[in-house]
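What follows draws every value from the coordinates through simple rules; no lab data is involved. These numbers come from a predicted model, not from an experiment. Neighbour counts are summed over all protein chains in view; Cβ atoms, including those assigned to glycine, are modelled from backbone coordinates with ideal geometry.
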């Protein structure tokens, strides 16, 4: 059992949809594997996943902007 200070909250936003192009959830930006493994991950493994999310969010925003400008 982990100590309370080791608790790492899930980044789930309850917007659960896997984007086919990236294979990431559009709500939390985790892969399906990361989502399904979350409950069994150690706090350090969870922190490692969380550390990936800002870069994924930035890439997602850039791709969205590109798709919007490509339509014009």
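Quick one: what pairs do we get from segment 47-63, first residue within 12 Å of residue 10 (Cα to Cα), second in a helix (DSSP H, G or I), C-beta under 6 Å, 6+ apart or different chains?
49/34
Just a yes or no: is a residue in segment 1-20 touching a residue at least 12 places away in the same chain (Cβ under 8 Å) and part of a helix (DSSP H, G or I)?
Among the residues of segment 1-20, at least one is touching a residue at least 12 places away in the same chain (Cβ under 8 Å) and part of a helix (DSSP H, G or I), which makes the answer yes.
Working only within segment 12-70, note down all residues that are touching a strand residue (DSSP E or B) at 6+ places or on another chain (Cβ under 9 Å) and exposed (fewer than 10 other Cβ atoms within 10 Å of the Cβ).
15, 17
Which one of these does residue 29 not meet: (1) free of Cβ contacts under 8 Å to residues at least 12 places away in the same chain; (2) in contact with a helix residue (DSSP H, G or I) (Cβ under 8 Å, 6 or more places away or on another chain)?
Status for residue 29: all satisfied but (1).
Considering segment 40-55 alone, what residues qualify as being within 13 Å of residue 7 (Cβ to Cβ) and assigned to a helix (DSSP H, G or I)?
From segment 40-55, those within 13 Å of residue 7 (Cβ to Cβ) are 41-44, 46-47, 50; that's our starting set.
Of everything in segment 40-55, those that are within 13 Å of residue 7 (Cβ to Cβ) and assigned to a helix (DSSP H, G or I) turn out to be 43, 44, 46, 47, 50.
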